[in-house]
1. If I filter the range 207-246 down to residues being among the polar types (S, T, N, Q) and closer than 22 Å to Pro314 by Cα, which single residue comes out as modelled with the lowest pLDDT?
2. Can you name the residue in the range 1-50 that is within 28 Å of Phe158 (Cβ to Cβ) and among the basic types (Lys, Arg) and, of all such residues, is surrounded by the most Cβ atoms within 10 Å (Cβ to Cβ)?
3. Looking at Val60, Val81 in this structure, which one is in a helix (DSSP H, G or I), surrounded by fewer than 17 Cβ atoms within 10 Å (Cβ to Cβ), modelled with pLDDT under 80 and among the β-branched types (Val, Ile, Thr)?
4. Just wondering, is there one or more residues in the range 281-302 that are on the phi > 0 side of the Ramachandran plot, modelled with pLDDT of 75 or more and either over 22 Å from the mean Cα position of the chain (by Cα) or surrounded by 20 or more Cβ atoms within 10 Å (Cβ to Cβ) (or both)?
5. So which of Phe201, Phe262, Phe258 is at pLDDT below 80, of a type outside the set (D, E, K, R), out of contact with any strand residue (DSSP E or B) (no Cβ under 7 Å at 6 or more places or on another chain) and part of a helix (DSSP H, G or I)?
6. Considering (1) within 22 Å of Leu310 (Cα to Cα); (2) among the hydrophobic types (A, V, I, L, M, F, W, C); (3) exposed (fewer than 11 other Cβ atoms within 10 Å of the Cβ), say which one Leu69 fails and leave the rest.
7. Considering each of Leu252, Leu242, Leu223, Leu231 in turn, give the residue that is under 17 Å from Leu269 (Cα atoms) and either out of contact with any His (no Cβ under 7 Å at 6 or more places or on another chain) or not in a helix (DSSP H, G or I) (or both).
Amino acid sequence: MIESKDIKRVVVAVLILAIFTLTFLILKPIIMPIIFGLLFAYIFGPVYKMIKKVIKRENVATSLLVLILSALIIVPIIYLVPVVVNQMFEVYVFVQNLNLTEIINNLVESNNASTIAINLDNIIGQFFSSFLSQFKDFIINLPSLIFQFAVFLFTFYFATRDSEKLSEYIRSLSPFSKSTETRFLQEFRGITNAIIFGQVFIGVVQGLALGAGLFFLGVPNALVLTFVASLISIIPILGSWLIWFPTTIYLLATGQTFAGIFLLLYGALFVSSIDNILRPYILSKRSTLPVAMSLIGTIGGFLFFGLVGLVLGPLIIAYTLIIIEFYRQGKLKDLFNRQ
């Protein structure tokens, strides 16, 4: 016979499960801006401390930082997006007017020039169709994006102002030992810094470096090419070569020999070296996670989680390796030893 205590326990368990399920469903539509808000609060933590030294009042210092961050995000969007979109359409029209078969024949004599040209034209068409679709979705979802941006700023504000309290609260909930918490926190800081400086920062630097060369050579629509180069340089395996190499071919095919050779050497010897030299150095110095595992985690995280996966992917891989290392050393119980 089932006792009343057992029934009460089942009811309580069901209620708790229902509450957490409803909480998840409530937070699900805004979980990404919340995660980005927490992440940016960590990234801009040192900046907040500098501002707080000058402005002693927490609310005023945090509000000033929110205004600075908002300006850094909104101002470029307002001024650059219309220009980038306009240049993107110009590039599309320009490509459509190109005789790709003739260009390929001028570069490489081939009987399959027309087939190659058709395939290239299809790839380019699909790329621009995808861009137009994304741009249309951006316009349609603009009210939702504005709301999510407000949630992001709200989260960023309170996570920055109450960072110490938030950190203490998370530690109080942790079931892990203090030594394990320290290792996890160290790995989190190392990987987050590695992603920010080793991928995002270097990717933007690569794009800007290539953009400087494109502007110097007077390449048409250099701004949109710089924007795309910065974006794809952030993603591992992809890189700025996807911009400077086709542009080099275009310059050579149109008789601009000096500009084509210059861009080829500039892209291969200088722009690409920024990624090949600095990225592994930063990744290895800021985290104990092997570079290969970090790249695997970054790619897998990006494919599964989206942009936030650039950080979450390597973190999950790093934590998994830490747990495996505890198991290998026969210290798995130490993970949960609070002493």
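The values are calculated or read from the model by the stated rules, or taken from the named source; none is laboratory data. The structure displayed is predicted, hence computed values, not measured ones. A quick note on method: Cβ atoms are made from the backbone with ideal geometry, for glycine too, and the neighbour counts reach across all protein chains shown.
1. Taking the candidates together, the pick is Ser233.
2. Per the criteria, the residue is Lys49.
3. Result of the check over Val60, Val81: Val81.
4. Scanning the range 281-302 turns up no residue that is on the phi > 0 side of the Ramachandran plot, modelled with pLDDT of 75 or more and either over 22 Å from the mean Cα position of the chain (by Cα) or surrounded by 20 or more Cβ atoms within 10 Å (Cβ to Cβ) (or both).
5. Phe201
6. Leu69 satisfies every listed condition except (3).
7. Leu242
Residues checked against (1) within 25 Å of the chain's Cα centre (by Cα); (2) touching a residue at least 12 places away in the same chain (Cβ under 8 Å); (3) not in a loop (DSSP other than H, G, I, E, B):
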position: Val12; (1), (2), (3): no, no, yes
position: Ile16; (1), (2), (3): no, no, yes
position: Ile19; (1), (2), (3): no, no, yes
position: Ile31; (1), (2), (3): yes, no, yes
position: Tyr42; (1), (2), (3): yes, yes, yes
position: Pro46; (1), (2), (3): yes, no, yes
position: Met50; (1), (2), (3): no, no, yes
position: Lys56; (1), (2), (3): no, no, no
